[in-house]
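See below for the structure under consideration.
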Amino acid sequence: MQIELIDTFLDLCETKSFNQSAERLGVTQSTVSSRIKALEARIGVKLFQRSRSGTSLTTHGLRFEPHARSLRHDWVTALNATRDTALAGVTMRIGLQHDLVGVEIERLIRQFRGLLPDTAFFFEADYSGQMCSDLISGRQDVSVLYSPITQPDLYFEKLGEVNYVLVSTETAKLSGVSRDNYIFGNYSAAFAHAHADYLPELTHVALSIGQNAAMVDLLTSLSGSAYVLRHSAEALVASGICQLVVDAPIIPQPVFAGVNLRNRHRTAYRKLMNILHDQYMTASGNRERRTRDRGQG
């Protein structure tokens, strides 16, 4: 396999510029062109269309792209299988549920880089469904998500929980929360089900949103009540924008890690999983909940 042809194709998919891909790959523009021509000759179809407006994938190119990513993923997996635990020279793509980007991500990055100092890490925020697709195609190596989608090629582990708490610009009591000014946080199916069980009267309202950061922005610019992640609630209360609704139920959201099944038992991936377990057991407030439960017992 001439993997440099696949690498060049995938880089050009991102840059849509022969010049930029040449700079990124450290080769000349003519080398990029010759590699693409060689790949097109090997496959027997034209993959890119060049015009005054730039470079774009043809229909054949669009069809080939997910298979090229799968080939690249299989090649990296095969190389790593011949090595020990190191992933030197490899870029690990880590997907994070949008709401988890603000949950001590600097600590997570520091620990990942400390574990694998010769590995490049690319973090991106996304939603659960897309991350599951990206794990299958090889676009991502590890995903941290709210809603695993069971697939034969995927493996998931529960890491812990994060907690959503109710805050309000109007009241500190649940009885004072106005349905007309309530914003429903449609963060995940699990959150929606728990919310419906706890607060059925506040489930079907006029306004909903599916991102914690966007919810914080709404509460900052508008009046109302909503569930946000605990660290966001603390910031909103500290700034004087909101009050904590003290008698409202805390809604836990399970957090999972997913990998391609073929990487489940690889040493480096297991070590990354251990870091993730520690990250979300700590960030979730589970330690606080266990202490409270012991006190009640």
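The values are calculated or read from the model by the stated rules, or taken from the named source; none is laboratory data. These numbers come from a predicted model, not from an experiment. Every residue, glycine among them, receives a Cβ derived from its backbone with ideal geometry; neighbour counts consider all protein chains shown. Note: areas computed on protein heavy atoms with side chains; ligands, DNA, RNA excluded. Shrake-Rupley method; radii C 1.70, N 1.55, O 1.52, S 1.80 Å.
Considering only residues in the range 7-56 that are open to solvent by 40 Å² or more (accessible area, probe 1.4 Å) and among the aliphatic types (A, V, I, L, M), the one that is modelled with the lowest pLDDT turns out to be L25. One residue stands out among those in the range 177-232 that are touching an Asp or Glu at 6+ places or on another chain (Cβ under 8 Å) and open to solvent by 40 Å² or more (accessible area, probe 1.4 Å): the one that is farthest from Y164 (Cα to Cα), which is A206.
Those residues that are at pLDDT below 90 and in contact with a strand residue (DSSP E or B) (Cβ under 6 Å, 6 or more places away or on another chain), I need them from the range 270-286; list them, please. Answer for the range 270-286, where residues must be at pLDDT below 90 and in contact with a strand residue (DSSP E or B) (Cβ under 6 Å, 6 or more places away or on another chain): Y280, M281, S284, G285, N286. Of everything in the range 57-68 that's closer than 12 Å to E40 by Cβ and in a helix (DSSP H, G or I), which residue is most open to solvent (accessible area, probe 1.4 Å)? The extreme case among them is H60.
Please enumerate the residues belonging to the range 91-118 that are modelled with pLDDT under 85, surrounded by fewer than 18 Cβ atoms within 10 Å (Cβ to Cβ) and either of a type in the set (V, I, T) or in contact with a His (Cβ under 8 Å, 6 or more places away or on another chain) (or both). Those that are modelled with pLDDT under 85, surrounded by fewer than 18 Cβ atoms within 10 Å (Cβ to Cβ) and either of a type in the set (V, I, T) or in contact with a His (Cβ under 8 Å, 6 or more places away or on another chain) (or both): T91, G102.
Could you tell me which residue of the range 129-168 is farthest from M273 (Cα to Cα), considering only residues that are in a strand (DSSP E or B) and of a type in the set (S, T, Y)? Outline the logic, then answer.
Within the range 129-168, the subset in a strand (DSSP E or B) is 142-145, 154-168.
Remaining after also requiring of a type in the set (S, T, Y): 143, 155, 164, 168.
Numbers: S143: 10, Y155: 12, Y164: 24, S168: 36 Å.
Top of the filtered list is S168.
Considering each residue of the range 199-212, count those that are more than 19 Å from V245 (Cα to Cα) and aliphatic (A, V, I, L, M), and give that number. Number satisfying all stated conditions: 3. Considering A214, A233, A194, the condition of being within 23 Å of P148 (Cβ to Cβ), modelled with pLDDT of 90 or more and in a helix (DSSP H, G or I) is satisfied by A194 alone.
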